[in-house]
């Protein structure tokens, strides 16, 4: 399993711990994971806490402007941030999520579904955190095929054997 | 010239790299993949990709808004 992805000349390896499950924060781990795999690295992604949701068969990723004053969306030729008091109204998250998805599509940015598929195709090792499965009562049958189950020791062993380790 | 071409115009990071890798996977050593991209970031990225994978970046040129790359599979 470990050396399956290593078909090229690159002997380096990368591990990523993905802890966040919102639409925006789903990108960094999947972009770096799929790109490293494309560069012939052995890649392992460990999904824990809210990051575990990124392995669910049905992805329904959302995002919020709440608590994120750095989020300024390009609109009407300028950049607009949303005040928290408005971001808290029902339906605003849904609208912001839709706006982000539309913007991403317009800019030729891959969907998380596509990046995840690329990760699976390039033999990225995907590990779901057992403790998080228990905590949030998620069944392993809710997750996409090919996912391994593991704990902290599994993640640390992978990290100990990787050249690059990211926590996201 | 090129044995295969990849139109990556309009695609953003990391799609040009991922699609290029996919195309190279199906090619034989010595064959050349020509890529067209509109992503300015792909200039640095294809150079890094080739350094890391050992494939040869035969050319990297810009004409207008289009970036042209030729990668020889090793």
Practice item. Kindly check whether there is at least one residue in segment B:56-74 that is in contact with a strand residue (DSSP E or B) (Cβ under 9 Å, 6 or more places away or on another chain) and under 20 Å from residue A:117 (Cβ atoms). Key: no
Review point. What tally of residues in segment A:98-125 results from selecting those that are out of contact with any helix residue (DSSP H, G or I) (no Cβ under 7 Å at 6 or more places or on another chain), within 11 Å of chain B (Cβ to nearest Cβ), assigned to a helix (DSSP H, G or I) and buried (at least 16 other Cβ atoms within 10 Å of the Cβ)?
Key: 1
Exercise for review: Looking for whichever is buried (at least 17 other Cβ atoms within 10 Å of the Cβ) and either in a helix (DSSP H, G or I) or more than 14 Å from chain B (Cβ to nearest Cβ) (or both) here; the options are A:86, A:17. Which one fits?
Suggested key: A:17
**Study point:** Residue ranges of strands (runs of 3 or more DSSP E) in chain B with at least 3 members more than 11 Å from chain A (Cβ to nearest Cβ) and crowded, with 21+ Cβ neighbours inside 10 Å
**Key:** B:66-72
Exercise for review: Mind listing whichever residues of segment A:126-164 are buried (at least 17 other Cβ atoms within 10 Å of the Cβ) and part of a strand (DSSP E or B)?
Suggested key: A:126, A:127, A:128, A:129, A:143, A:150
Study note, to complete from the structure: In segment A:109-147, residues that are in contact with a strand residue (DSSP E or B) (Cβ under 7 Å, 6 or more places away or on another chain) and free of Cβ contacts under 8 Å to residues at least 24 places away in the same chain total 2
Study note, to complete from the structure: If you go through A:65, A:44, the only one that is part of a loop (DSSP other than H, G, I, E, B), touching a helix residue (DSSP H, G or I) at 6+ places or on another chain (Cβ under 8 Å) and either more than 18 Å from residue A:146 (Cβ to Cβ) or at pLDDT 95 or above (or both) is A:65
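The values are calculated or read from the model by the stated rules, or taken from the named source; none is laboratory data. Fair warning: this is a prediction, and the values are worked out from it, not measured in the lab. All Cβ positions, glycine included, derive from the backbone under ideal geometry; neighbour counts span all protein chains shown.
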